[in-house]
Amino acid sequence: MPKNAKSKKFKATKSEMTQSQNPSQEKIDAVLSYYNAANFQMAENLANDLASSFPNHPFAWIVLEAIYAQSGQLDKAIISMQQSVRLSPNDFEAHSNLGNALLVRGRLSEAEASYREAIRIKPDFAEAHSNLGNALKALGYLSDAEASYREAIRLKPEYAQAHSNLGGALKALGCLSDAEASYREAIRIKPDYADAHSNLGNVLVVLGRVSDAEASFREAIRLKPDFVEAHSNLGNALLQVGRLTDAEASYREAIRLKPEYAQAHSNLGNALQELGRLSDAEASYREAIRLKPDFAEAHSNLGNALLELGRSRDAEVSYREAIRLEPDYAQAHSNLGNALKALGRLRDAEASYREAIRLKPDFAEAKCLLAFHRLLQSDFDEGLPLYEWRWDRTKELKNHKRNFDQAPWLGSDDIKGKTLFVHAEQGLGDTIQFCRYIKLVQQLGAEVIFEVQAPLVALLSHLHGVAKLIPKGTVLPEFDYHCPLMSLPLALKTHEGSIPASIPYLSAESARVHRWQDHLGQHGYKIGICWQGAQNIKGRSVPISAFYALSQIPTVRLISLHKGDGEKALDSLPEGMRIETLGSEFDSTDAFLDTAAVMKCCDLVITIDTSVAHLAGALGVRTWVALKFMPEWRWLLDRSDSPWYPTMRLFRQKRNTEWQDVFDEMISALRADLDQV
């Protein structure tokens, strides 16, 4: 705030008293008496009278400036400051104070001009250089802001605030290590500088050093226990590393300290959403919006919660409000695309994804979503290249990106006689689906080293085309090129008609098949079932009760293919429903060896979209898959068959979240099959 905004004892100067056009000493003393007695209303009234009678005398304007600034009437304070500057054009502090007020008011270009005038009058005015940097940073002139901060530091090397401000500019420029160094220098100069500790924490979060960031935020809070932003920022750091309950506690403390802090309410919503408490998250977002109706981010976050709650139309409304408030909000356009896609409005969804990318050309998440969108519609030519943006989509994927001295291979180089290192990259189901490409690479004349998740080594041990199969974590042998597994479709120029679908490309161990045949026996129509994925991905799982009607068909035997969390559902089956389980030894060591053998013993596998579906398809067993209304891209649209798996039949939701029609259709199809047996 302007210097003269602080309460202080005013005295009339000699020049003020000797000029006949000046207010009388009696009137000056009256203003001062009321001001120093904190009777600001009377002081303001008298000062306004003096300003009207003596507009070219600085006394009244200085008093009014102080009163208005002190009472938060910033626009009136600025008018008084402008009069003071007019009357004292060479007063560098007056120009700087005016710049401070203009900066707070958001009148950035005017603030810049005031600071530049202060510097013209007093070139070595370090504070004005630093404040000029603040105005330039707010205007988006980051390099110029950096230069101003550095000049302030040159003039005043121990100026802690300028070092901290420089850190902010460097962070915005993406120079994170330099920003860290600036904040640490500010802290060296002023160890109790709570803001610098908190700002350092923000940089450390971006650098991925979340434990160090937590320590910085906690130090800021130790120095300043009521530091609301530090509590909220600590919550952000804890949220990033999955300490959701601790993050919630930090956000709630920020809100306790400052109930009207809209950002903390929105952040709390993020934590609650991650905790699966969607209704509570919705309430937090709505409170943030109540406090700050033009809070575009909170509207977009609310849309995310509503979308996850299955309220796609309400989510669309929230995203559109975020975009109305902030038309260039790329994330909200991308999120809107998700809502429109969930509603089946594919053309509109695509337009939203493309708008997000137009606004932010390096927006990896939107490019991946557009990739999935195009692939879902069988457009491999655009979809597969866009999918290469997946490595920048999330921090987790960035951290898992493999970097080697050897060149990546995406199909352009001749690899005949070369060694190609192919590495699995995502889920087990993805590895099972795309390992079919190894044979095609080997047919190009390459020797293939294939690195897979350790639990899959035994299952994939006889995969055709692999020269060496190794588990993740093994010391790598020599190779010439490398390729992530899910980039092979791009490298091999896949389109819908060229998907390699020669099955089976995986097999079950014959001895294990015989053992399970003996265990299961030959009686009945055996259906292996899977109702929940390992990660219970939203919208894909079905309630175990959905299989009830199937279990009531005479001769049908339902056999659980589950391990882990999904088995809990077996403890509360509907009355009269029976599902056979396979015991604790089932797949107790390597993944899917027993599952594959049991599948070969079954007449049919019925599963949701999970790794079990890909295993069944790769084995070439007869498989029915229950798909949600808007499925994963690999299942394409509006078809009951799969170009990936010839023995598979797809049953699709007709309405979002509604599984009854899917299972009714399965029952009709199964009855027809049984009638033919």
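Between segment 412-482 and segment 102-161, what's the alpha-carbon centroid distance in Å?
Segment 412-482 and segment 102-161 have Cα centres separated by 57 Å.
Modelling each spin label as a point 7 Å along the Cα-to-Cβ direction, I'd like the residue 658/residue 120 distance in nm, to one decimal.
Going by the 7 Å Cα→Cβ label model, 7.2 nm.
Can you give the % of DSSP beta bridges in the chain that are antiparallel, to the nearest 5? Show your work: numbers first, answer last.
Working: 1 of 35 bridges.
Approximately 5 percent, going by the DSSP bridge assignments.
Just to confirm a number: summing +1 for Lys and Arg and -1 for Asp and Glu over residues other than residue 244 whose beta-carbon lies under 14 angstrom from that of residue 244, what do you get?
-1
Which log10 I(q)/I(0) values, to two decimals, does segment 422-538 give at q = 0.11 Å⁻¹ under the Debye formula with one point per Cα?
Taken in order of the listed q values, log10 I(q)/I(0) reads -0.47.
Projecting each Cα onto the charge dipole of the chain (Lys/Arg +1, Asp/Glu -1 at the beta carbon, about the Cα centre), which of 109, 143, 123 comes out farthest on the positive side?
It is 123, whose Cα lies furthest towards the positive end.
For the chain, take the longest principal axis of its alpha carbons; what is the angle in degrees between that and the long axis of helix 126-139, to the nearest 10 within 0 to 90?
With both axes taken from Cα atoms, the answer is about 40 degrees.
What's the angle, to the nearest 10 degrees (0 to 90), between helix 262-274's Cα axis and the longest principal axis of the chain?
The helix 262-274 is inclined about 10 degrees to the chain.
Helix-only mean residue ellipticity at 222 nm, the chain, DSSP H runs n ≥ 4 weighted -39,500 (n - 2.57), per residue, nearest 500. What is it? Walk me through the numbers on the way to the answer.
Values: 32 runs with 371 residues, N = 677.
The helix contribution divided over the chain gives -17000 deg cm²/dmol.
Of the listed peptides 399-409, 501-511, 365-375, what is their order by residue-averaged count of other C-beta atoms within 10 Å, with the highest listed first?
Those peptides, ordered most packed to least, come out 365-375, 501-511, 399-409.
HN-Hα J couplings of segment 632-642 from phi, Karplus 6.51/-1.76/1.60, θ = phi - 60°, integer Hz, Gly and Pro as x?
Those phi angles translate into 4, 4, 5, 8, 6, 10, 6, 8, 9, 10, 10 Hz.
I need the peptides 514-526, 88-100, 170-182 ranked by packing, meaning the mean over residues of other C-beta atoms within 10 angstrom, with the highest value on top. Present the calculation step by step, with values, prior to reporting the outcome.
Details: 514-526: 14.1, 88-100: 21.0, 170-182: 18.2.
Final packing ranking: 88-100, 170-182, 514-526.
Going by how many other Cβ atoms sit within 10 Å of their own, how do 29, 594 line up, fewest first? Working shown, then result.
On the way: 29 13, 594 24.
With the fewest neighbours first, 29, 594 line up as 29, 594.
Kirkwood-based Rg over Rh for segment 228-318 (C-alpha set), two decimals? Walk me through the intermediate numbers first.
Working: Rg = 12.2 Å, Rh = 12.6 Å.
Rg/Rh: 0.96.
Rounded to the nearest whole Å³, what is the per residue volume of the convex hull around the Cα atoms of segment 296-398? It would help to have the intermediate numbers written out before the result.
Details: hull volume 9.5 nm³, N = 103.
Convex hull of Cα atoms, per residue: 92 Å³.
Arranged from highest to lowest average of other beta-carbon atoms within 10 Å per residue, in what order do the peptides 642-654, 482-494 appear?
Numbers: 642-654: 18.2, 482-494: 20.4.
Descending mean neighbour count gives 482-494, 642-654.
Counting pairwise Cα distances across the chain, what percent come out greater than 49 angstrom?
Within the chain, distances greater than 49 Å cover 34 percent of Cα pairs.
Using a simple spin-label model with points 7 Å from Cα along the Cα→Cβ vector, what separation in nm is obtained for residue 578 and residue 397?
4.7
Label points 7 Å out from Cα along the Cβ direction at residue 41 and residue 211: separation in nm?
6.0
Determine the dipole magnitude for the chain: charges of +1 sit on the beta-carbon of Lys and Arg, -1 on that of Asp and Glu, nothing else is charged, the reference point is the Cα centre, and the result goes in debye to the nearest 20.
On the way: 78 positive and 87 negative charges, 99 e Å.
With only Lys, Arg, Asp and Glu charged at Cβ, the dipole is about 480 debye.
Beyond 20 Å, how much of the Cα-Cα pair distribution for segment 510-676 remains, as a whole percent? Mind showing how you got there, number by number?
On the way: 6768 of 13861 pairs.
For segment 510-676, the share of Cα pairs beyond 20 Å comes to 49 percent.
So how long is each side of segment 150-242 along the principal axes, counting just the alpha-carbon atoms, biggest first, in Å?
Taking max minus min along each principal axis of the Cα atoms, segment 150-242 gives 43, 28, 16 Å.
Kindly flag which residue pairs out of 398/654; 439/600; 122/224; 526/563; 76/292 have an alpha-carbon separation exceeding 27 Å in this structure. Walk me through the intermediate numbers first.
Numbers: 398/654 36 Å; 439/600 23 Å; 122/224 35 Å; 526/563 18 Å; 76/292 25 Å.
In this structure, 398/654; 122/224 lie more than 27 Å apart at Cα.
Here, each number is a calculation from the coordinates, and none is a lab measurement. Keep in mind that this is a model prediction, so the values were computed, not measured. Note: ideal-geometry Cβ built from the backbone for every residue, glycine included; neighbour counts use all protein chains shown.
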